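A.B. asks: Sharing a structure with you now.
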Amino acid sequence: MKHRIVVLVAFVAGCIQGIWSQSLIRGPYLTCARQDGIDIHWRTSTPSTGLVSYGTHPDSLINTSSHLNFSTDHLITLNNLTSGTLYYYRIGTTQFTLAGDSSFHFRTLQNSTPMADSVFRIWAVGDIGKQTTQQAEVRDAFLKYNQGRYLDAWIVLGDIAYPDGTDSDYQLGFFTYYQNSLLKNTVLWPSIG
């Protein structure tokens, strides 16, 4: 009996340590923007629950959406949002925040009204996952050109993970380059290249 208690305590302590030593590996990144919703993805170092807090002001993230299954790859779909609205968000577990400040935001798509007077900014790039200094220079040149204006869509044309398209290639050649600049506030629209 004493041995079982020691094993149980060790197991629980290991689980708690894994939860509290959680770190963000990938993302967050945004996909599937709609008039009334969006998908938010991220990856954690150890399995955990997932939570997104969100709202229309960075200091008032009063809405939440979560999943309670333990996973390292997280996807939270936000629904019933207002079209054409800027939302701020933060991500984490049900215990603590992993990332989120006023630079973590997205805009839902406009309702289908004439867009003749609307500005819609798109950045389209291809073959960008080669892990080169040129890749970083192109990113930095675009950010300088865009001058902090909201980017409605980022279309990725074709190959973004060299040399083999493995998960590690995606992490090193794509997510590492864009995680702290574009992915947290620009909707990603990949296409086959």
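The values are calculated or read from the model by the stated rules, or taken from the named source; none is laboratory data. Everything numeric in this text was worked out from a predicted model, so none of it was measured. Cβ coordinates were reconstructed from backbone atoms using ideal geometry, including for glycine residues, and neighbour counts include every protein chain displayed. When the accessible area is computed, the model is the full protein with side chains, heavy atoms only, and any ligands, DNA or RNA have been set aside. Shrake-Rupley method; radii C 1.70, N 1.55, O 1.52, S 1.80 Å.
A.B. asks: At 0.36 nm per residue, minus the direct Cα-Cα distance, what do Tyr145 and Arg34 gain on full extension? Give it in nm, one decimal, please.
C.D. replies: Extra length from Tyr145 to Arg34 when fully extended: 37.3 nm.
A.B. asks: For the range 132-163, state which trypsin sites (Lys or Arg not before Pro) are in a DSSP loop and have at most 14 other beta carbons lying within 10 Å of their beta carbon.
C.D. replies: For trypsin sites (Lys or Arg not before Pro) across the range 132-163 that sit outside H, G, I, E and B with at most 14 neighbouring Cβ atoms in 10 Å, the list reads Arg149.
A.B. asks: Now a separate question. Could you order peptides 65-74, 81-90 by the average number of other Cβ atoms within 10 Å of their residues, highest first?
C.D. replies: Peptide ranking by packing, descending: 81-90, 65-74.
A.B. asks: Modelled label-to-label distance, Thr46 and Val119, 7 Å Cα→beta-carbon offset: nm?
C.D. replies: Rounded to a tenth, the inter-label distance reads 4.6 nm.
A.B. asks: Got a number for carbon plus sulfur as a percent of the range 92-169's accessible area, 1.4 Å probe?
C.D. replies: Here carbon and sulfur together make up 50 percent of the probe-accessible area.
A.B. asks: If R₀ is 22 angstrom, what is the calculated FRET efficiency for the pair Thr72 and Gln131, using the beta carbon separation as r and rounding to 0.05?
C.D. replies: With a Förster radius of 22 Å, E is 0.45.
A.B. asks: Could you sort the peptides 120-130, 23-33 by per-residue average Cβ neighbour count (10 Å cutoff), highest mean leading?
C.D. replies: 23-33, 120-130
A.B. asks: Quick check: pseudo-label points 7 Å beyond the Cα along Cα→Cβ at His57 and Asn80, how many nm apart are they?
C.D. replies: 2.2
A.B. asks: First select every other residue whose beta carbon is under 15 angstrom from the beta carbon of Thr46; then total the charges, Lys and Arg +1, Asp and Glu -1.
C.D. replies: With Lys, Arg at +1 and Asp, Glu at -1, the net is +1.
A.B. asks: Restricting to DSSP H runs of at least four residues, report the calculated mean residue ellipticity at 222 nm for the chain, -39500 (n - 2.57) per run over all residues, nearest 500 deg cm²/dmol.
C.D. replies: Estimated from H runs of four or more residues: -6000 deg cm²/dmol.
A.B. asks: Moving to a separate point now. Karplus couplings for the range 119-134 from phi (6.51 cos²θ - 1.76 cosθ + 1.60, θ = phi - 60°), rounded to Hz, Gly and Pro as x?
C.D. replies: 9, 10, 9, 10, 10, 10, 9, x, 6, 10, x, 8, 6, 10, 5, 4
A.B. asks: Using 0.36 nm times the number of residues separating Thr94 and Ser21, minus their current alpha carbon distance, what extension gain do you get?
C.D. replies: Stretched out fully, the Thr94 to Ser21 stretch lengthens by 24.9 nm.
A.B. asks: Tally the DSSP beta bridges in the chain and give the antiparallel ones as a percent, rounded to 5.
C.D. replies: About 75 percent, rounded to the nearest 5.
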